[in-house]
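Undergrad: Before I ask anything, here is the structure I am working with.
The values are calculated or read from the model by the stated rules, or taken from the named source; none is laboratory data. Fair warning: this is a prediction, and the values are worked out from it, not measured in the lab. Glycine also receives a Cβ, built like all others from the backbone with ideal geometry; neighbour counts cover every protein chain displayed.
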Amino acid sequence: PLDPKTLTVLVTGATSGFGEAIARRFIGAGAKVVGTGRRVERLEKLKSELGDAFHFAEHDVRDYEATVKLFESLPEPFAGVNVVAANAGLALGLLPGDQVAIDDWHTMIDTNVTGFVNTVRAALPGMVARGQGHVFGLGSVAGDYPYPGGNTYGGTKAFVKQFCLALRADMLGKNIRVTNIEPGMVETEFSLVRFKGAEDKASSVYENMRGMTADDVAETIFWCATLPAHVNINRLQVMPTDQAFSPFAVHRG
Ligand code: NDP
Ligand code: 8X3
């Protein structure tokens, strides 16, 4: 397997959920990690926990110029990023398409699609020049299976999946791996964000079932990243044991 001590990981959205767990998992195994996000006070707190192996930057993935500068201005020990977890993302609301606020749709597209490609585009030249890299997209089961109210969120995650597969084709022969991670229900701040701070609504999503944890997702990413360099996991769909599929809905008029 690949030695995690040789890895420098940049993870977007390290202020919460998967991103925070990814930072802890890789640093725990001896890697260096750059964590980004908008809530800088959370990054400062993580820095005080994780120490010298962690570098952070306040950053909004929707800003491409800032993303390019972020990579260009990394201090020397963190400059050779060879794993990028393009993780920052969000769902907003669960309303049907005729009722949803257009701003919510735009924010999801700006973050999960534009912000995602911004991160990948800014990361790739360095990895290609150094002849080694691994790009992780954070897709979702929502990009594979439709559900009511999933509309734009599911659309953005289907984009992440197809983009990752096509990027594999672009990167053939360059020793750059690309993996789309497609989780089901994981209890993080995801539902709190989706329901705009409504704690009861958010916690009821995970009520009386065993959801996955952010650590479970971090572990799958760590596994993919430390497999021998000749192995590429293209897509990895991972669900809680307590989540599965439903039959098609039928309207009988
Ligand atoms: P959280 O809400 O816990 O974390 C989301 C992270 O994204 C935060 O760190 C947040 O940082 C960051 N973020 C959001 N918008 C921006 C932005 N404009 N610029 C920079 N960072 C941003 O959710 P999760 O950890 O659960 O979600 C992580 C990813 O996994 C998302 O892409 C989500 O869609 C996906 N996912 C989640 C699942 C789940 O059930 N939890 C299942 C499948 C996929 P900040 O607000 O500080 O900027
Ligand atoms: C998050 C999982 O099922 O809430 O991507 O869309 S789900």
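Undergrad: Can you find, within the stretch 1-46, the residue that is surrounded by the most Cβ atoms within 10 Å (Cβ to Cβ) among those that are at positive phi and within 16 Å of ligand 2 (Cβ to nearest atom)?
TA: Checking each candidate, the answer is Gly13.
Undergrad: Okay, moving on. From Ala218, Ala249, Ala202, grab the single residue that is of a type in the set (Gly, Ala, Ser) and either touching a Pro at 6+ places or on another chain (Cβ under 8 Å) or away from ligand 1 (no atom under 15 Å from the Cβ) (or both).
TA: Details: Ala218 fails: either touching a Pro at 6+ places or on another chain (Cβ under 8 Å) or away from ligand 1 (no atom under 15 Å from the Cβ) (or both); Ala202 fails: either touching a Pro at 6+ places or on another chain (Cβ under 8 Å) or away from ligand 1 (no atom under 15 Å from the Cβ) (or both).
Ala249 is the lone residue from the list that is of a type in the set (Gly, Ala, Ser) and either touching a Pro at 6+ places or on another chain (Cβ under 8 Å) or away from ligand 1 (no atom under 15 Å from the Cβ) (or both).
Undergrad: If you take the residues in the stretch 101-117 that are of a type in the set (A, V, I, L, M, F, W, C) and over 15 Å from the mean Cα position of the chain (by Cα), which one is surrounded by the fewest Cβ atoms within 10 Å (Cβ to Cβ)?
TA: Looking only at the stretch 101-117, we keep the residues that are of a type in the set (A, V, I, L, M, F, W, C), and these are 101-102, 105, 108-109, 113, 116-117.
From what is left, the residues that are over 15 Å from the mean Cα position of the chain (by Cα) are 101-102, 105.
On the way: Ala101: 11, Ile102: 8, Trp105: 18.
Only one residue tops the list, namely Ile102.
Undergrad: Moving to a separate point now. Hey, among the residues in the stretch 85-95 that are in a loop (DSSP other than H, G, I, E, B) and closer than 22 Å to Thr36 by Cβ, which one's nearest to ligand 2 (Cβ to nearest atom)? Quick ask: steps written out before the conclusion?
TA: From the stretch 85-95, those in a loop (DSSP other than H, G, I, E, B) are 87-95; that's our starting set.
Next, from what is left, pick out any that are closer than 22 Å to Thr36 by Cβ: 87-92.
Details: Asn87: 12, Ala88: 13, Gly89: 8, Leu90: 10, Ala91: 6, Leu92: 12 Å.
So, considering only residues that are in a loop (DSSP other than H, G, I, E, B) and closer than 22 Å to Thr36 by Cβ, the one nearest to ligand 2 (Cβ to nearest atom) is Ala91.
Undergrad: Here is a further query. Condition check: loosely packed, with under 14 Cβ neighbours inside 10 Å and either assigned to a loop (DSSP other than H, G, I, E, B) or modelled with pLDDT of 95 or more (or both). Does Asp98 satisfy that? Give the derivation first.
TA: Details: loosely packed, with under 14 Cβ neighbours inside 10 Å: yes; either assigned to a loop (DSSP other than H, G, I, E, B) or modelled with pLDDT of 95 or more (or both): yes.
Here the answer is yes, as Asp98 does meet what is asked.
Undergrad: Taking the conditions exactly as written (touching a helix residue (DSSP H, G or I) at 6+ places or on another chain (Cβ under 9 Å) and either under 30 Å from Thr241 (Cα atoms) or crowded, with 23+ Cβ neighbours inside 10 Å (or both)), does Leu90 satisfy them or not? Talk me through it step by step, then tell me what you get.
TA: Values: touching a helix residue (DSSP H, G or I) at 6+ places or on another chain (Cβ under 9 Å): yes; either under 30 Å from Thr241 (Cα atoms) or crowded, with 23+ Cβ neighbours inside 10 Å (or both): yes.
Against the criterion (touching a helix residue (DSSP H, G or I) at 6+ places or on another chain (Cβ under 9 Å) and either under 30 Å from Thr241 (Cα atoms) or crowded, with 23+ Cβ neighbours inside 10 Å (or both)), Leu90 qualifies.
Undergrad: Which count do you get for residues in the stretch 156-192 that are surrounded by 13 or more Cβ atoms within 10 Å (Cβ to Cβ) and either within 11 Å of ligand 2 (Cβ to nearest atom) or not in a helix (DSSP H, G or I) (or both)?
TA: 21
Undergrad: Follow-up question, since we're still on this one. In this structure, is Val128 part of a helix (DSSP H, G or I) and either touching a residue at least 24 places away in the same chain (Cβ under 8 Å) or β-branched (Val, Ile, Thr) (or both)?
TA: Judged against the criteria, Val128 is a match.
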